[in-house]
Every structure is written in structure tokens, then in C-alpha cells.
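Chemist: What follows is a structure written as C-alpha cells; I'll ask about it next.
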């Protein structure tokens, strides 16, 4: 995938955007989302993909005490829900699963996502 990203960054991003979403959106939405991913450029984007693919941060999980909101989509084309559950067991915070989303609940279930985030932030204020 990393080699492909250097050769055809747009094509790889089109594939990833589709994998991040539970349902195929209209072509205009795909183009908008892909356009946003292209903004960083192929070199920086490939470095980001490399870093998130190869670095293992599991030994750091749980070493901090900041409250954390984990938002996870039920659709597992790209990420398994078990990963979110694993994180939730190790860090202080809350896991909220979005039933009609993939990796982008902020896009696919925007209204509920905004409500969840707003409520979570409000819960932090004494």
C-alpha cells in the first residue's frame, strides 16, 4: 500500500475513503473526502500511513490519565471494534459505538456524533 501511495496517492486515498465508510456515499461526497486527504500531498500522506502502520504504541496505552472519548463505528472494513474495546479497557474514558458507521462516525452519523462529543465535553466541566 505504501509503494502504491507513492505511485498513485489519489487511487489509494479513494480506496481508503471507501473502506472508512460503512455505505458508499454519492460520488460528490467521495470526491470531497478524497480531496481533503490529498491536501497534505503524497509524500507527507505516505509518511503518515507509514507511521500509523508500523509504529507500535501499545506499551504507552494506559500510561496517561487524561479522560478519553473513543468513538468507534460498528462496520469493520478498516478497523475492528475489538481494537476500541481493547483501548477502552486500558485507558480512562468512554467507548461509544456508532451502529451505522465505519471509521467516520463524524461524517456518517454527524448529528449523534456531535451530541455525544458535546455531552462528553460537558461531563468534564465541574
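A short reminder: the numbers here are calculations on the coordinates, not readings from a lab. None of these values were measured; they are calculated from a predicted model. Because the Cβ atoms are built from the backbone with ideal geometry, glycine has one as well, and the counts that use them run over all protein chains shown.
Chemist: Just need the relative contact order of the chain here, percent rounded to a whole number, with Cα pairs under 8 Å and 6+ apart. Please list the in-between numbers first.
Modeler: Working: 137 pairs, mean separation 31.2, N = 126.
Relative CO of the chain lands at 25 percent.
Chemist: If R₀ is 25 angstrom, what is the calculated FRET efficiency for the pair residue 78 and residue 119, using the beta carbon separation as r and rounding to 0.05?
Modeler: On the way: r = 26 Å, r/R0 = 1.04.
The pair residue 78/residue 119 has a calculated efficiency of 0.45.
Chemist: Would you please give the FRET efficiency between residue 99 and residue 29, computed as 1/(1 + (r/R0)^6) with r the Cβ-Cβ distance and R0 = 22 Å, to the nearest 0.05?
Modeler: On the way: r = 20 Å, r/R0 = 0.91.
Once the sixth-power term is evaluated, E becomes 0.65.
Chemist: Under a 10 Å cutoff between Cα atoms, tell me which one of 80, 112, 58 has the largest fluctuation in the Gaussian network model of the chain.
Modeler: Of 80, 112, 58, the most mobile in the Gaussian network model is 58.
Chemist: Considering only 76, 108, 52, give the residue with the highest GNM mean-square fluctuation for the chain, with springs between Cα atoms whenever their separation is below 10 Å.
Modeler: Its mean-square fluctuation being the largest, the pick is 52.
Chemist: Here's another thing I want to ask about it. How do the peptides 36-47, 7-18, 95-106 rank, highest first, by the average count of neighbouring beta carbon atoms within 10 Å per residue? Each step should come with its number before you reach the end.
Modeler: Details: 36-47: 13.6, 7-18: 16.8, 95-106: 18.6.
Packing proxy ranking, top to bottom: 95-106, 7-18, 36-47.
Chemist: Let me ask another. When each pair of different Cα atoms in the stretch 38-78 is counted once in the 1/r mean, what is the Kirkwood radius in angstroms, to one decimal?
Modeler: Working: mean 1/r = 0.0754 Å⁻¹.
Hydrodynamic radius (Kirkwood, Cα only) of the stretch 38-78 equals 13.3 Å.
Chemist: I would also like to ask the following. Two decimals is fine: what is log10 I(q)/I(0) at q = 0.19, 0.21 Å⁻¹ for the stretch 2-54, from a Debye sum with one equal scatterer on every Cα and no solvent?
Modeler: Values, matching the q order: -0.61, -0.73.
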